[in-house]
1. Taking the Cα centre of the stretch 72-197 as the origin, how large is its charge dipole in debye, to the nearest 20, when only Lys and Arg (+1) and Asp and Glu (-1) carry charge on their Cβ atoms?
2. Cα centroid distance between the stretch 397-472 and the stretch 619-657, in Å?
3. What do you get when you divide the Cα radius of gyration of the stretch 249-381 by 2.2 N^0.38 Å, with N the number of residues?
4. Compute the helix-to-body angle for 359-381: its Cα long axis versus the longest principal axis of the chain, expressed 0 to 90° and rounded to tens.
5. Quick one: the Cα spread of the stretch 4-242 along its three principal axes, in angstroms, biggest first?
6. Could you give the Stokes-Einstein D for the chain in µm² per second, using the C-alpha Kirkwood radius, 37 °C, 0.692 mPa s?
7. Test of understanding: express the Cα radius of gyration of the stretch 530-656 as a ratio to 2.2 N^0.38 Å, with N the residue count.
8. So if each residue of separation counts as 0.36 nm, and I subtract the Cα-Cα distance between Asp386 and Ala10, what length gain in nm does that give?
Amino acid sequence: MSKQTLSFQAEVAQLLHLVTHSLYSNQEIFLRELISNASDACDKLRFEALNNNALYEDAPNLEVRVSFDKDAKTLTIQDNGIGMSAQEAIDHLGTIAKSGTKDFMGKLTGDQKADAQLIGQFGVGFYSGFIVADKITVESRRAGLPASEGVRWISSGSGDFEVETLERPARGTSVTLHLRPEADEYLSAWKLKSVIAKYSDHISLPILMEKEEWKDGELINPSDENGGRQPGGMVKTGEWETVNKASALWTRPKKDITEEQYQEFYKNIAHDHENPLTWAHNRVEGNTEYTQLLYIPAKAPFDLWNRDKKAGIKLYVKRVFIMDDAEALMPSYLRFVKGVIDSSDLPLNVSRELLQESRDVRAIREGSTKRVLSMLEDLAKHDKHDTTPNADGVTDVVDADDKAKEGKYTQFYAEFGAVLKEGLGEDFGNRERLAKLLRFASTSSDAVSVSFADYKARMKEGQEAIYYITADTLAAAKNSPQLEVFKKKGIEVLLMTDRVDEWALNYLHDFDGTPLQSVAKGAVDLGKLQDEAEKKAAEEAAEAFKPLLAKLKEALKDKAEDVRVTSRLVDSPACLVVQDDGMSTQLARMLKQAGQQAPDTKPVLEVNPEHALVKKLDGSVHFHDLAHILFDQALLAEGGLPEDPAAYVRRVNALLA
Ligand code: ADP
């Protein structure tokens with residue numbers, strides 16, 4: 001292949017523009033990103049070589065070498081991993097394969113700070129090299145291809161890049177950064193070593209740098225940074241030394257690992273620029289033995305809602321990397337968890353298919369799921385500390401560790417709460433634990449902070465159910481006519497506004513023995529909360545309204561399943577409810593909007609016998625129009641649209657005129 005110039009995919013060009021306008025406040029992370037890619041490439045080689053030992057060629061020791069050239073002002077990160085063919089270089093370095101990239105780019109606002117935040121969640125990987133370089137040269141050869149099929153890729157990070165074939169005996173990839181003048185601090189072994197120690201100490205691969213020696217430098221003051229010698233006297237010795245610990249972090253004892261090391265390791269594997277919220281590191285013994293290091297991120301990734309979103313667990317078997325995104329190891333509702341699982345029981349040649357069937361894998365998945373739930377329970381427990389003394393004058397002791405966890409669960413829940421709810425439908429075995437972790441807004445709290453247990457503790461004397469309503473927005477939920485009688489009686493109702501709520505609640509019929517009851521489903525039954533007089537009045541109204549209801553039912557037979565009187569309304573004339581086992585009109589609407597099948601069940605129209613409009617209906621010459629207006633308004637009140645909006649407007653106008 002002779003030299004050709006190709007354009008970056010539009011999204012890459014956009015990303016590069018952001019990167020080169022230095023969105024990162026700490027530019028040194030480029031080194032972590034490039035070393036992490038090199039390490040991934042070595043992991044991939046090790047894995048492919050399990051079935052094809054020849055891929056190692058003559059170099060079985062996988063490693064990364066970092067070197068610099070002061071005169072040429074270049075910094076090179078070289079690995080002997082899997083490498084890239086020419087086509088792979090074009091594909092992998094010219095386009096972004098992540099699904100949802102286009103959508104993501106659409107969210108960028110042009111506001112540097114906001115975009116920097118977003119881009120951090122997205123992860124720039126290889127392209128972060130352009131933070132410090134105005135030109136990058138990549139030379140690579142894929143393991144197994146002949147030396148004549150190497151590739152050189154060059155770009156200055158604007159619209160396009162050049163590729164050509166290259167004779168390259170060495171397997172793997174070297175990335176050479178032509179540093180911008182303001183980034184020449186990276187032309188120093190001391191600086192590079194300190195950045196590597198900070199970000200890449202605990203990747204399992206050795207990172208090598210060439211040893212330097214003072215030439216004729218005389219030791220004057222050993223406590224100075226450069227040993228007190230005259231600068232300029234350092235020369236390379238041709239000998240390479242390992243500059244990182246090069247032992248996989250998770251294999252080391254907990255007590256030898258600092259908080260910062262855990263955090264940096266997370267950033268390496270998760271490609272996140274923020275610290276995680278919390279983590280758990282355990283060696284599990286028993287029938288199935290494995291090590292788990294699991295992290296809960298602080299921020300949701302941009303593609304959390306992609307249905308084909310990859311799981312965040314890397315699987316190792318006896319320290320050999322097996323695969324990324326091992327979805328069999330974590331249920332889908334915990335897809336935000338990142339980390340490493342290293343098993344000593346699985347075979348090295350385990351495939352994705354085998355993973356699905358393995359008993360060991362099932363045990364690991366169950367154990368890891370429980371571990372994540374315990375982490376969340378711990379955060380939830382320490383989210384708020386009650387520092388008021390109890391009845392006996394005893395105050396909880398809150399130590400510094402507990403204090404550090406304050407507010408973290410609220411933060412977690414805002415990012416991932418909706419995903420967690422999917423677990424109600426997905427993980428029956430842990431449903432009760434999950435239910436305890438859920439939080440909602442309610443008629444007593446705008447903040448999403450009410451647990452089922454909080455709610456139960458506040459239930460009224462005689463109240464027999466946990467009441468909730470689902471709606472598109474908090475405002476719609478709060479102002480829903482269905483809440484009127486609950487407000488009047490001071491009964492708390494949970495307000496649920498996540499899309500997944502109604503689906504998820506299908507799987508949860510009660511909490512700790514108390515049934516959950518949607519206030520928009522079935523006939524309202526306040527049980528003991530309604531006194532005898534109220535019950536009697538309701539029965540009488542139902543009787544007295546019978547003829548009117550029959551007429552309404554006839555007029556609305558295409559729209560309403562049934563028409564009945566209700567005691568749930570106070571100020572509104574009417575509302576729509578669904579039958580006990582029905583799908584709410586709101587969910588049905590959502591499904592239809594998403595182009596999905598929704599059952600065509602009709603709602604029930606409930607009318608308020610005390611309302612003036614309802615009282616006036618009977619005998620009105622406008623009966624037919626009023627009946628339809630009543631129905632359409634009930635639909636409008638819950639955020640829906642009349643089936644025929646023009647007809648609705650015509651009817652209202654006729655009455656107004
Ligand atoms: P990510 O690592 O998140 O996939 P990058 O932009 O960092 O995204 O890299 C894009 C792709 O380029 C990688 O997925 C990989 O296929 C390829 N790549 C990058 N660096 C190397 C390397 N050192 N060796 C082999 N392939 C590489």
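Every number here is computed from the coordinates shown, using simple stated rules; none is lab data. In this text, all values refer to a predicted model and were calculated from it rather than measured experimentally. Note that we place each Cβ from the backbone using ideal geometry, even for glycine, and neighbour counts take in every protein chain shown.
1. That gives the stretch 72-197 a dipole magnitude of about 320 debye.
2. The distance from the Cα centre of the stretch 397-472 to that of the stretch 619-657 comes to 39 Å.
3. Cα Rg divided by the expected 2.2 N^0.38 Å: 1.00.
4. 70
5. Between the extreme Cα coordinates on each principal axis of the stretch 4-242 lie 59, 50, 33 Å.
6. Rounded, D is 111 µm²/s.
7. After normalising by residue count via 2.2 N^0.38 Å, the value is 1.10.
8. Stretched fully, the Asp386-Ala10 segment lengthens by 130.1 nm.
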